[in-house]
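The structure under discussion appears below in the form of structure tokens.
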Amino acid sequence: MSPPEFSFTTTAEEVAAAFANEITGKMVLLITGTSIGGIGFEAARVIAKHANLVIITGYNGERQATQMICRKLLLRKKSPLLTFALSFSTSSLTAVRQAAAEGQRLSRPIHVLIHNAAAPIGPFKLTVDHLDTQMATSHFGPFLFTKLISPRLLAAETTSYTPRVILSQVPRTHFARA
């Protein structure tokens, strides 16, 4: 069977339906970058129709409010669903390490990790770790988080299932004008 093809007009529901057999009944799907109306939020919303546990992330008051809205929407589904909020910013390596340690304490494996967090285009700025904010948020933080949480990902592996790490970021800098 050939893999499904998607385009710019493909909806989140269509993608979730195409992979329903892969995500149905999975216990943990961790999604970063869940701002309302964004790709991460939509991913959490449609995946929740199939999964049993979804972890959504945020890094400030607005994102934590988004977590609560997302959780309320996810809890409306008829089948059992647990949600868990994990607050951290991928731009801070210390915060990434703390979040990964919290994720390691989960008693369940992580089947899918979706990295969707990205820094908005703006003036050059350094993080507390003296890294470029966009690089830290979009690349260094997600890489470190994946590396640190990998034991939970590897725990999900079976003879019929391989855990997934998805990097879902639009190369916005390619569209920026100087």
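Numbers for the structure displayed
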quantity: Computed label-point distance, nm, for sites SER87 and HIS130 using a 7 Å Cα→Cβ extension; calculated: 2.9
quantity: Linear extension gain, LEU167 paired with ARG105, 0.36 nm per residue minus alpha-carbon span; calculated: 20.0 nm
quantity: Estimated inter-spin distance, THR10 and THR158, nm [label 7 Å along Cα→Cβ]; calculated: 2.5
quantity: Spacing of the two label points (7 Å from each Cα toward its C-beta) at ALA18 and ARG97, in nm; calculated: 3.9
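Each value in this text was obtained by applying a stated rule to the coordinates, not by laboratory testing. Not measured: the values here are computed from a predicted model. All Cβ positions, even for glycine, are placed from backbone atoms using ideal geometry, and neighbour counts span all protein chains on display.
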